[in-house]
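Participant: Take a look at the following structure, please.
The values are calculated or read from the model by the stated rules, or taken from the named source; none is laboratory data. Worth saying up front: this structure is predicted, and the values here are computed from it rather than measured. All Cβ positions, even for glycine, are placed from backbone atoms using ideal geometry, and neighbour counts span all protein chains on display. Just so you know, the surface numbers come from the protein's heavy atoms only, side chains and all, with ligands and any DNA or RNA stripped out. Shrake-Rupley method; radii C 1.70, N 1.55, O 1.52, S 1.80 Å.
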Amino acid sequence: MLEHFRRQVTDNLEQLLSILPSSLQEGLAHIGHQDELVEIVLDLGRLPEARYFSFAKDLSDRPITQEELDQCVAQVGEFSGDNRAGIERTLHRISAMRNRKGIIIGLTCRVGRAIYGTSALIRDLVETGKSILLLGRPGVGKTTALREIARVLADELHKRVVIIDTSNEIAGDGDIPHPAIGRARRMQVAKPELQHQVMIEAVENHMPQVIVIDEIGTELEALAARTIAERGVQLVGTAHGNELANLIKNPTLSDLIGGIQSVTLGDEEMRRRGLPQKSILERKAQPTFEIAVEMTERYRWAVHRDVAETIDNLLRDRPIARQIRAVNEQGMVDTTEETPLIRNPNAANGWRASGRMKPLPSETLPYAPKAWDDEDDEDEYVAPEHHRLPQDEPAKIYLYAVSRQLTEQVIQNEQLPVDICRDIDEADVVLALRSQMRHNSKLRHMAEARQIPIHGVKSSSVAQITRALRRLLQMDMSPTDQMAIADLNAFAFGDSDDELEALEEARLAVEQIVIPKGQPVELLPRSSVIRKMQHELVEHYHLKSSSVGMEPNRRLRIFPA
């Protein structure tokens, strides 16, 4: 996506400045940079302050008096239950601070701007008709973007749009809305705590195709948003929080992303998934919002096109994909994909075409199972007669008591043509932890009945899983790989699987991410002894690393050259 970003600003700044004492107006004129002004802060007994995008300045050397505050309050509209007021037909917001007696002793005069063109960053998403959630810290421009999206939907896409305007911040103060919202309609809210009722009323009484709501902040509002989305109405809203991960930890707003619940797994399911504990977190339902936009900066947004997939990956501690959209110096919208290293399932012949994988021999494999109490160090392979792994599509592997997370890490890092399946009936092969498999005759009988081979590993580690998958796929190790393993043994203090796994993790991070992509990488938490080994391995590549975090989550961060 490469689209021109035509930015046009309307701020009616003179109407906001007119409510200030003349001495403060002169101070603002002297500072200049009025197009960068964010807000003016007036606190009783303190120096008045003007805050800009990148700095702040005092407007006077004389503290604010009660008379000056009263003069400002008299020129604005009535303050609502959330202590906000506005100026008629403008987008400015004046917020009050009161003492215990209810007397106003402070004002925050926020500059409201209608910025036309901001919707260009996500115009294609708006046109899909899917519900969109905007996230970001206060002041990053969520309300401004919401206002422009409402105008585009109403004027350019000709949809019936209703704005739920709790504090008159989207469409301005007064009964006549600001022209920045175009033909969209605005419903005002008498009391902030009634916002969820007005949301439902808008759907029931005014037949909207789109509902626009700013600052969803309570459980009732989150529930109302779900009700609206389930009725087939497109929802565009904002919530405080820098990223989607914040909503997982917020019990009030977690329903916006499907809700989070704790699930206790049975022993069999826990071993099948390769998890260390029975209790896990899972998503309860489909998210209210299908698309999420993290507004990290004013004109740099991160887009999650599938909120359900992102939340599931976050709960499983998997890497997530997102799309970065930013405005460059030429005013064009640049789009880049931040995608984890995941093999394309449609590229079936990638490994075979590269010559790094040998096809399986045409002759049948011998069916010669070994005893599961065998303690030798070799991986165990039990193969039924006439069994061959698929040649033109990814091999499907069923895991039993082997870490799914580590297996996915190996598949991604090595770019192996392997899919992990949840049902043994779909599997081409079973990868099992040998110690758990000895006592599970049921799974062995199931595999034998379905003519599915079982491959046993000594431990659920990166090194063991990598070796097992390479043997299954009949892959030859290149001289480079063989040299890397020799190097790992040289850096290990002992010969434990944990040490080799940690060193293999560091090697893969350096060779596949840090060096070719120039990106820093954080490894998994390790003990101080193992981190020391990883540091020495990184120095071998002439790179720098440091330990970050607190115990027991202290880990290595590797920096590009």
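Participant: In whole percent, how big is the carbon plus sulfur part of the accessible area of the stretch 207-328, probe 1.4 Å, protein atoms only?
Facilitator: The computed percentage sits at 48.
Participant: Additional query: Excluding ligands, DNA and RNA, what is the solvent-accessible area per residue of the stretch 391-456 at a probe of 1.4 Å, expressed in Å²?
Facilitator: Counting only protein heavy atoms, the per-residue value for the stretch 391-456 is 40 Å².
Participant: Shape verdict for the stretch 131-270, please, from the Cα gyration tensor: rounded (a/c under 1.5), prolate (a/b greater than b/c) or oblate.
Facilitator: prolate
Participant: Can I ask one more? Nearest 20 debye, what's the magnitude of the dipole of the stretch 185-254 about its Cα centre given +1 on Lys and Arg Cβ and -1 on Asp and Glu Cβ?
Facilitator: Using Cβ point charges on Lys, Arg, Asp and Glu, the stretch 185-254 gives about 120 debye.
Participant: Among V430, S403, N413, which residue has its Cα furthest toward the positive end of the charge dipole of the stretch 396-436, with +1 on Lys/Arg Cβ and -1 on Asp/Glu Cβ?
Facilitator: Going by the charge dipole, the pick is S403.
Participant: Now, a different point. Towards the positive end of the charge dipole of the stretch 1-107, with charges on Cβ (+1 Lys, Arg; -1 Asp, Glu), say which of S80, L44, N12 has the farthest Cα.
Facilitator: Sorting the options by dipole projection puts first S80.
Participant: Assign unit charges at the C-beta atoms only (+1 for Lys and Arg, -1 for Asp and Glu), then state the dipole size of the stretch 1-159 relative to its Cα centre in Debye, rounded to the nearest 20.
Facilitator: Dipole about the Cα centre, nearest 20: 580 debye.
Participant: Hey, another quick one. Roughly how far apart, in whole Å, are the Cα centres of the stretch 268-327 and the stretch 510-561?
Facilitator: Going from one Cα centre to the other spans 25 Å.
Participant: Something else: Can you flag which of K278/K442; K57/K101; K458/K532; K396/K532; K284/K442 are past 29 Å Cα-Cα?
Facilitator: Correct reply: K57/K101; K396/K532; K284/K442.
Participant: About its Cα centre, what dipole magnitude does the stretch 102-190 give when the only charges are +1 on Lys and Arg Cβ and -1 on Asp and Glu Cβ, stated in debye to the nearest 20?
Facilitator: In total the dipole reaches around 120 debye.
Participant: Accessible area, 1.4 Å probe, largest first: how do T310, T128, T166 sort?
Facilitator: T128, T166, T310
Participant: Going highest first, how would you order 25-34, 292-301 by mean Cβ packing within 10 Å?
Facilitator: 292-301, 25-34
Participant: Moving to a separate point now. Quick one: which residues, 5+ away or cross-chain, put their amide H under 5 Å from the amide H of K544? H built at 1.01 Å from N.
Facilitator: Distant-sequence amide H within range of K544: F559.
Participant: At a 1.4 Å probe, what is the % contribution of carbon and sulfur to the accessible area of the stretch 25-112?
Facilitator: Within the stretch 25-112, the accessible surface is 46 percent carbon and sulfur.
Participant: Taking only protein heavy atoms and a 1.4 Å probe, what accessible area per residue, in Å², does the stretch 229-315 have with all protein chains in place?
Facilitator: Using a 1.4 Å probe on heavy atoms only, each residue of the stretch 229-315 averages 45 Å².
Participant: Taking the alpha-carbon centroid of each part, what is the distance from the stretch 26-94 to the stretch 431-448 in angstrom?
Facilitator: A separation of 72 Å, based on Cα centres.
Participant: Could I ask something else about it? Can you list the trypsin sites (Lys or Arg not before Pro) in the stretch 36-133 that are in a DSSP coil and have 11 or fewer other beta carbons within 10 angstrom?
Facilitator: R100, K101
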